[in-house]
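Each remark here refers to the structure printed beneath this line.
The values are calculated or read from the model by the stated rules, or taken from the named source; none is laboratory data. Only a predicted model underlies this, so the values are computations on that prediction, with no experimental measurement involved. Positions of Cβ are backbone-derived with ideal geometry, glycine not excepted, and every protein chain shown enters the neighbour counts. Just the protein is used for accessible areas: all its heavy atoms, side chains included, with ligands, DNA and RNA removed. Shrake-Rupley method; radii C 1.70, N 1.55, O 1.52, S 1.80 Å.
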Amino acid sequence: MIVIVIFMVIMAALAGWWLSGQGLATKPWLVVGVIGDSGSARSSPRRIAKVGLGAFLVVAGSLFSLLVSAYAMRMGMPDWGSLPMPTVLWFSTGLLLLSSIVLHTTVIAARRDELDAVRSGLLATVATSLAFLACQVLAWRELAASGYFSAANPASAFFYLVTALHGLHMLGGLVVLNRTAVTAFALAGTSPPQALARLRLSVELCTSYWHFLLLVWLVLFSLLMRWTDDLIEICRGLLS
């Protein structure tokens, strides 16, 4: 449970940092200014979008935390049998890391209004993310071909569950990412500043989401590769 508590504390700290950066602690009634200031109105949709994403990430992080907790408790039972992790998972992890890095550079290009770089970055992210999902499917097929089915072993059931749930989150992100890419290709250098601002916001939100997906996958990958088995056993010994 210590590992789970640490993970949840990290998620809570990230959520607090995110929300504090959105100006939720400000007191607008104390701000001196003109009533109906248009600048405040323009910043409101941006803030709402970021707070909305932050709230969703907190909920999704809590869900994955519960899965990690269930995994840690279930693996101590006698019928648990560890799986031979497919080598393709290493390649898929590298692809997800690459897509997160590419999106980070795309944010920098979006802030500079470099549309060509934004388009290239979004296309590269879509390609690497689809390749990541393809690698996950290959890992499923490899385990199934070796006789590891979800009903035969609790470890296989957890593997299929956590990878499928993570993959569904990525598919949802890809829908938004594809819409952002379509928007980027529809814009031109002479587009209104408001349109460019919306594109920058979309890219920033997608980047934050992809960083979250990478963080969650690294935790899941560590569990599946049994790097944390000894740590969990040590924590159990301390609590017993």
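Only one of these is open to solvent by 30 Å² or more (accessible area, probe 1.4 Å), hydroxyl-bearing (Ser, Thr, Tyr) and at pLDDT below 95: 183, 163, 207. Name it. Going through 183, 163, 207 in turn, just one is open to solvent by 30 Å² or more (accessible area, probe 1.4 Å), hydroxyl-bearing (Ser, Thr, Tyr) and at pLDDT below 95: 183. Taken together, the residues in region 102-124 that are open to solvent by 40 Å² or more (accessible area, probe 1.4 Å) and without any contact (Cβ under 8 Å) to a residue 24 or more places away in the chain amount to 7. Of the residues making up region 182-212, those that are in contact with a helix residue (DSSP H, G or I) (Cβ under 8 Å, 6 or more places away or on another chain) and over 18 Å from residue 49 (Cβ atoms) are 185, 187, 188, 189. Would you pick out the residues in region 78-97 that are open to solvent by 80 Å² or more (accessible area, probe 1.4 Å) and out of contact with any Pro (no Cβ under 7 Å at 6 or more places or on another chain)? If the condition is that a residue be open to solvent by 80 Å² or more (accessible area, probe 1.4 Å) and out of contact with any Pro (no Cβ under 7 Å at 6 or more places or on another chain), then 78, 87, 90, 91, 97 are the ones that fit.
In summary, residue 133 fulfils each of the numbered conditions (1) over 13 Å from residue 213 (Cβ atoms); (2) touching a residue at least 12 places away in the same chain (Cβ under 8 Å) with the single exception of condition (1).
Here residue 146 passes the criteria (1) open to solvent by 40 Å² or more (accessible area, probe 1.4 Å); (2) modelled with pLDDT of 95 or more; (3) hydroxyl-bearing (Ser, Thr, Tyr) except the one numbered (2).
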